[in-house]
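A.B. asks: I am attaching a structure below and will ask some questions about it afterwards.
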Amino acid sequence: MQYNQRLLLKGNEAAVYGALLAGCDCFFGYPITPASEVAHTAARLFPKLKRTFIQAESEIGAINMVIGAVASGRRAMTGSSGLGISLKQEGVSYLAAYEMPAVIIDVTRGGPGLGNIGPEQADYFQLVKGGGHGSYHCLVLTPNSVQEMCDFTVKAFDLAEKYRMPAYVMADGVIGQMMESVQLPDPRPYTYDPEWKMGRIVDGKANYITSIYMEYDDLEALNRRLQAKYREIERAEQCAEEFMTEDAELVIAAYGICSRIAKGAVSELRAQGIKAGLIRPQMVFPFPTNSFEKLLSNGKAKVVMSLEMSAGQMIEDVKLALNCKLPVELFNRMGGNVPSCAEVCEAAKRIYKEYVK
Amino acid sequence: MSTEKVKFGRSKVFFDPFERRPGPIKTNMHYCPGCGHGILHKLIAEAIEYYGIQENTVFIAPVGCAVFAYYYFNCGSISVPHGRAPAVGTGASRATPEKYVISYQGDGDLAAIGFNEFIQAANRGERMSVFFVNNSNYGMTGGQMAPTTLPNQVTMTSPYGRNVETDGYPVKVCELVNALEAPVYIERVALTGTANIIKARKAVFKAIENLRDRKGFSLVEALSPCPVNLKMTAEQVNEFIDTKMTKYFPLGMLRDRSAETPAGKVPEAPVRDPEDVKQLLFTAKEGSGEGPATVNNSEIFNEERRIRVSGFGGQGILSLGHTLADMARLRHFNVSWMPSYGPEQRGGSASCAVILSRKAIPSPLVDSCDLLIAMTRAALDKFGYQLKDDGILIYDTSAMEKPAVKPGQKVFGLDALAIANRIGNAKCANSAVLGALAAILGKFALTPEDAADYRKVFTEAITESFRKKPQVVEQNIAAFNAGCDEMSSQLV
Amino acid sequence: MAAKKHRIRISKDECKGCRRCIPACPKKLISVGKEINIQGYLAVVAENPFDCIGCGSCFHQCPEPGAITIFEIEE
């Protein structure tokens, strides 16, 4: 049978298509705007393949159902938005401690508090810096198109399983809600059967999974192992798109929907004779420090502008990556407002005038 | 010559020794002397052994004194977040239906911090057995007030006794669960004198038998001795349970529907064959109309084109935009479709933005448009400013007078709803608008080949959208044709 | 057929001295011992283990998995 694998999908739908193509068996979720189509699509498609969909009683219920399914040796996922993710953080901390893979779609919205349903990127801290208790990280992939919503969800499963840790696909309200055409990848043959799953009998003893270590040295050892894993991920898995950065004097750092606007702005600025460039993190943990270090070694860049739909969260990682050797300025919108190309250009020109000429 | 055989002894379901327990003592459990957990652990182990389900049993350990249950039970085990055992158990039970899930919880875990997870799992009738240890206080943290602490009972956090006026009454878990339809078996027992322990053993065996037979949700609540935190001897704590606790928490079986509940079957395994996955997620090539030959070449689309579709919820505004976007996809444009989302879509105004381009589309958001379709006056008032100086406006004549526009702008009116009503399906009004657009673009913008192709690509898109409703496809095509004809006659 | 004979074995080092077994025994076979065990508890003892009737009450009262074992003796 010949199939057409190019479909018009919403970002939220594409994430679920990606999950099914990656061999995800279980979806547990709770509806929330602007992520609801993630649950809608899963509710429609998972049962058709006799896979599990449950509308959980709460975000807390959902993430714990994920824990149960993953511990049983199955691929499982959940999806939510800002405040729902806040509720899941307890479970994510446990997943990090269990060293178990799981994929969480976060279609971010405005905060703090109930905020609104407009797009924001203010979940950066809670996703990238841990979010729950304890010293842990999650992988955070930041798609900027519907195609990447699908592709990055597949990649999120791959990385989560490779490193045995939770992975977020961090979209925003725009990427989740918009439709674009997507070239869907082929489904994978299913071979998943993790050796660590609970109940696997090894030497007559059934495997168990825990996150409690009463001996201080044992817990310290777990923490040291986790940190070594995170350093290895920072070494091996950085992922960013660099656009016209080789000779750029002003470099915009932006991810998600902001990065698309920034790319348009870079072309516009170039047309006006300003040497602009873009670093677009495709993952924000690990943060693409190599791309920023390259700016330092090549010596052309005079200033970096962090473009964000938050009060300035990624900018801290940009500054750390540049080790304070280049000035970093923030241009941001909040509350559900998406920066326009015109206002990004205007801000860039203001900053360019101050730091370049 | 006489031989001995063990009549009552250490269950084979327990590890021997308890290697996972840190410290030098590997023969005993970590519980305090006289604690009910050990008594209940032994009954559960005996039942698991009796029903032969050890290999496939999953034991969900709570937060509380029983957090280390995996030191003891040689079963698949996990120690989970506080109160979340039934949710984790749900995930395990659904993901691996061949497993037998036990959720073991104390009164803080089950009746306080995790009550929602518990009661919802009970309400869904999850295939699991829950053992609920009610000892009237928080043991692991040092004897604080629990939801099950009796009125006037002194604990570390109710030093003057539980005051029902401020702390409420103890939570009667079995009675609450008994208000739900799904649970199969509910019994409250006491781990006190031998007669009560024999009854408890029977209840535990019933819950494990139900588990083996996949009969849904069973709950056994055990009133359990906690002599150390209650500062009592073994005999005193038994008396406390038998005389004081049982007064508030009466013993007995509240429900047993095991006999009339048929044994459950293991559900079918997930479908993972790549061919089946393809069949569900991809569309069949046949009839999709997508091929390398059909590419739009009209000059008008050498530039990125932005379209705003606006009206009110129920007019098919979002699907009009969707059809346009799908037509663009079928002709190999880069395309984006962005809705207004949230409460707006459920009544009141609705709008979406469609962009098509031969290059990458930077942002799907539209603040200026080449084409504005306004189906209500309010929509025109809201979005009229976005129309470019040389843009095209299409409006619904039943909704407004012909609006004034700037000199370079073109404006066209259509009574789309009247056309749709004539066809017999008011939901087709959006296709009439697309028909009108075909006439307008055909006259002013498209090459003759592309103008001829417009109807074809519309048909392909609408056929794909309503694959399973041929009648709806026909109605939409009729509305499209009528809209096209009416606009063409205006343009003559 | 003669009544079956039984034996109770109390593992001294596994007893935590909670004494739940003492009132449970219909034959009053179990009493508090005199020795502190390896864990620091005053363990119980059964002075006449062959007087056990094999009812299992003490076993089910005991919170420890292997502190009490009841054997059936086949002649």
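A.B. asks: Once you charge only the Cβ atoms, +1 for Lys and Arg and -1 for Asp and Glu, what is the size of the charge dipole of the range A:153-217 about its Cα centre, to the nearest 20 debye?
C.D. replies: On the way: 7 positive and 10 negative charges, 31 e Å.
For this selection, approximately 160 debye.
A.B. asks: What's the longest uninterrupted piece of chain B once you rule out the trypsin sites (Lys or Arg not before Pro) that are loop residues per DSSP with at most 16 other Cβ within 10 Å? Working shown, then result.
C.D. replies: Values: sites that count: B:12, B:20, B:26, B:231, B:257, B:265, B:285, B:346, B:358, B:359, B:467, B:468.
Between the exposed loop sites, the longest stretch runs B:27-230.
A.B. asks: Turning to a different aspect of this structure: Of all the stretches in chain B, which is the longest one without any exposed loop site, taking GluC sites (Glu not before Pro) in a DSSP loop (any state but H, G, I, E, B) with at most 12 other Cβ atoms within 10 Å?
C.D. replies: Details: sites that count: B:19, B:98, B:181, B:260, B:268, B:286, B:303, B:401.
It works out to B:304-400.
A.B. asks: Taking 7 Å along the Cα-to-C-beta vector as the label spot, tell me the residue C:38-residue B:164 distance in nanometres, rounded to one decimal.
C.D. replies: Placing both labels 7 Å along Cα→Cβ, they lie 5.0 nm apart.
A.B. asks: With a 10 Å cut-off between alpha carbons and a GNM built on chain A, which of A:297, A:310, A:81 moves the most?
C.D. replies: Between A:297, A:310, A:81, it is A:297 that shows the largest mean-square fluctuation.
A.B. asks: On to the next question. Can you give me the % of accessible surface on the protein assembly as shown that is carbon or sulfur? Probe 1.4 Å, all protein chains present, nothing else counted. Write down the numbers at each step before the final one.
C.D. replies: Working: 18880 of 36010 Å².
Taking all protein chains in place, the protein assembly as shown shows 52 percent carbon and sulfur surface.
A.B. asks: To the nearest 500 deg cm²/dmol, what mean residue ellipticity at 222 nm is calculated for chain B from DSSP H runs of n ≥ 4 alone, each contributing -39,500 (n - 2.57), summed and divided by the residues?
C.D. replies: On the way: 15 runs with 168 residues, N = 492.
Counting only the DSSP helices, I get -10500 deg cm²/dmol.
A.B. asks: Take the residue pairs A:353/B:406; A:50/B:172; B:42/C:16; B:7/B:99 and return only those whose Cα atoms are more than 27 Å apart.
C.D. replies: Numbers: A:353/B:406 37 Å; A:50/B:172 38 Å; B:42/C:16 16 Å; B:7/B:99 29 Å.
Over 27 Å apart, Cα to Cα: A:353/B:406; A:50/B:172; B:7/B:99.
A.B. asks: Just name one of A:258, A:82, A:283: the one whose Cα is farthest towards the positive end of the charge dipole of chain A (beta-carbon charges, Lys/Arg +1, Asp/Glu -1).
C.D. replies: Final value for the positive-end residue is A:258.
A.B. asks: Under 5 Å between amide H atoms, partner at least 5 residues away or on a different chain: which partners does residue A:33 have, H built in plane at 1.01 Å?
C.D. replies: none
A.B. asks: Tell me, what ³J(HN,Hα) does each residue in the range B:425-431 have, in order and in whole Hz, if you take phi through Karplus 6.51 cos²θ - 1.76 cosθ + 1.60 with θ = phi - 60° and put x for Gly and Pro?
C.D. replies: For the range B:425-431, the Karplus-derived couplings read 8, 4, 6, 8, 4, 5, 6 Hz, x marking Gly and Pro.
A.B. asks: Sticking with this structure for a sec: Amide H to amide H, which residues 5 or more places from residue A:80 or on other chains are under 5 Å from it, using H placed in the peptide plane?
C.D. replies: Residues meeting the amide H criterion: A:105, A:106, A:107.
A.B. asks: Measure nothing but the geometry: give the 0 to 90° angle between the long axis through the Cα atoms of B:194-212 and the longest principal axis through the Cα atoms of chain B, rounded to 10°.
C.D. replies: Tilt of helix B:194-212: around 30 degrees.
A.B. asks: Quick one: among A:164, A:224, A:333, which has the greatest mean-square fluctuation in a GNM of chain A with alpha-carbon springs under 10 angstrom?
C.D. replies: A:224
A.B. asks: Once the piece of chain linking residue B:265 and residue B:123 is laid out straight, how much longer is it, given 0.36 nm per residue of separation minus the C-alpha distance between them?
C.D. replies: Working: separation 142, 0.36 × 142 = 51.12 nm, distance 1.97 nm.
Extending this stretch completely gives an extra 49.2 nm.
A.B. asks: Count charges around residue B:107 for me, please; just the other residues with Cβ under 15 Å from its Cβ, Lys/Arg as +1, Asp/Glu as -1.
C.D. replies: On the way: positive: B:162, B:172, B:188; negative: B:109, B:117, B:167, B:175, B:221.
So the environment of residue B:107 carries a net charge of -2.
A.B. asks: If I model a spin label as a point 7 Å beyond the Cα along the Cα-Cβ vector, how far apart are those points for residue A:190 and residue B:469 in nm?
C.D. replies: 3.2 nm
A.B. asks: Run down the aspartates and glutamates and flag those whose C-alpha is under 16 Å from the C-alpha of residue A:205, throwing out any fewer than 8 positions away in its chain.
C.D. replies: A:195, B:16, B:19, B:49, B:55
A.B. asks: Rounded to the nearest Å, what's the spacing between the alpha carbon centres of the range C:19-40 and the range B:86-119? Just the number, please.
C.D. replies: Measuring centre to centre over Cα atoms gives 37 Å.
A.B. asks: Quick one: if the Förster radius is 41 Å, what FRET efficiency do residue B:300 and residue A:225 give, using the C-beta to C-beta distance and rounding to 0.05? Intermediate values should be presented prior to the final figure.
C.D. replies: Values: r = 60 Å, r/R0 = 1.47.
The value I calculate is 0.10.
A.B. asks: I would also like to ask the following. Most mobile of A:203, A:217, A:158 per a Gaussian network model of chain A (Cα springs, under 10 Å)?
C.D. replies: A:203
A.B. asks: OK, next. Given charges of +1 on the Cβ of Lys and Arg and -1 on the Cβ of Asp and Glu, with all other atoms neutral, how large is the dipole of chain A about its Cα centre, in debye to the nearest 20? Walk me through the intermediate numbers first.
C.D. replies: Working: 38 positive and 41 negative charges, 104 e Å.
Once rounded to the nearest 20, the dipole reads 500 debye.
A.B. asks: Can you list the trypsin sites (Lys or Arg not before Pro) in the range A:169-223 that are in a DSSP coil and have 15 or fewer other beta carbons within 10 angstrom? Intermediate values should be presented prior to the final figure.
C.D. replies: Working: sites: A:197, A:200, A:205; in loops: A:197, A:200.
Filter output for the range A:169-223: A:200.
A.B. asks: Moving on to the next point. How big is the C-B contact in terms of buried accessible area, both chains counted, 1.4 Å probe, rounded to the nearest 100 Å²?
C.D. replies: Numbers: alone 5160 and 24670 Å², together 26960 Å².
Buried area between the two chains comes out at roughly 2900 Å².
A.B. asks: Moving to a separate point now. What whole-number distance in Å separates the alpha-carbon centres of the range A:228-293 and the range A:124-197?
C.D. replies: That distance is 19 Å.
A.B. asks: Farthest toward the dipole's positive end in the range B:361-425, which of B:397, B:363, B:383, given Cβ charges of +1 (Lys, Arg) and -1 (Asp, Glu) about the Cα centre?
C.D. replies: B:397
A.B. asks: Per residue, what accessible area does the range A:201-357 have, given a 1.4 Å probe and all protein chains present, in Å²?
C.D. replies: Numbers: 7140 Å² over 157 residues.
Per-residue accessible area for the range A:201-357 comes out at 46 Å².
A.B. asks: Quick one: if you stick a label point 7 Å off each Cα along the C-beta vector at residue A:293 and residue A:202, how many nm between them?
C.D. replies: Taking the simple label geometry, residue A:293 and residue A:202 are separated by 3.5 nm.
A.B. asks: Under 18 Å Cα-Cα from residue B:468, which lysines qualify once same-chain neighbours fewer than 8 residues away are excluded?
C.D. replies: Here the lysines satisfying the reach criterion relative to residue B:468 are A:48, B:285, B:427.
A.B. asks: Oh, and also: Using the charge dipole of the protein assembly as shown (Lys, Arg: +1 at Cβ; Asp, Glu: -1 at Cβ; taken about the Cα centre), state which of B:147, A:34, A:299 has its Cα farthest towards the positive end.
C.D. replies: In the protein assembly as shown, that residue is B:147.
A.B. asks: Quick one: putting +1 on the C-beta of Lys and Arg, -1 on the C-beta of Asp and Glu, what dipole do you get for chain B around its Cα centre, in Debye to the nearest 20?
C.D. replies: Numbers: 54 positive and 51 negative charges, 220 e Å.
With Lys and Arg at +1 and Asp and Glu at -1, about 1060 debye.
A.B. asks: Let me ask something additional. For chain B, with every protein chain kept in place, what is the accessible area per residue (1.4 Å probe, Å²)? Let's see the in-between values first.
C.D. replies: Values: 20000 Å² over 492 residues.
Spelled out: the 1.4 Å probe surface of chain B, per residue, equals 41 Å².
A.B. asks: Still on this structure, please answer the following. By a straight-distance test (C-alpha under 29 Å), which lysines pair with residue A:349 as possible cross-link partners, with residues fewer than eight away in the same chain excluded?
C.D. replies: Straight-line reach from residue A:349, under 29 Å: A:263, A:275, A:294, A:300, A:302, A:319, A:325, A:357, B:359, B:388.
A.B. asks: Exposed loop GluC sites (Glu not before Pro) only (DSSP loop, at most 13 other Cβ atoms within 10 Å): please give the longest stretch of chain A free of them, not including the sites. Working shown, then result.
C.D. replies: On the way: sites that count: A:195, A:215, A:246.
In short, A:1-194.
A.B. asks: What residues qualify as long-range amide H neighbours of residue A:6, i.e. H under 5 Å apart, gap of 5 or more or another chain, H built at 1.01 Å from N?
C.D. replies: A:184
A.B. asks: Angle check, please: helix B:470-491 long axis (alpha carbons) against the longest principal axis of chain B (alpha carbons), in degrees 0 to 90, nearest 10.
C.D. replies: So the helix axis and the longest Cα principal axis differ by about 30 degrees.
A.B. asks: Additional query: By how many degrees, between 0 and 90 and to the nearest 10, does the Cα long axis of helix A:36-45 differ from the longest principal axis of chain A?
C.D. replies: 40 degrees
The values are calculated or read from the model by the stated rules, or taken from the named source; none is laboratory data. These numbers come from a predicted model, not from an experiment. Here Cβ is always computed from backbone atoms with ideal geometry, including for glycine, and neighbour counts include all displayed protein chains. We work out accessible area using only protein heavy atoms, side chains counted, and drop any ligands, DNA or RNA first. Shrake-Rupley method; radii C 1.70, N 1.55, O 1.52, S 1.80 Å.
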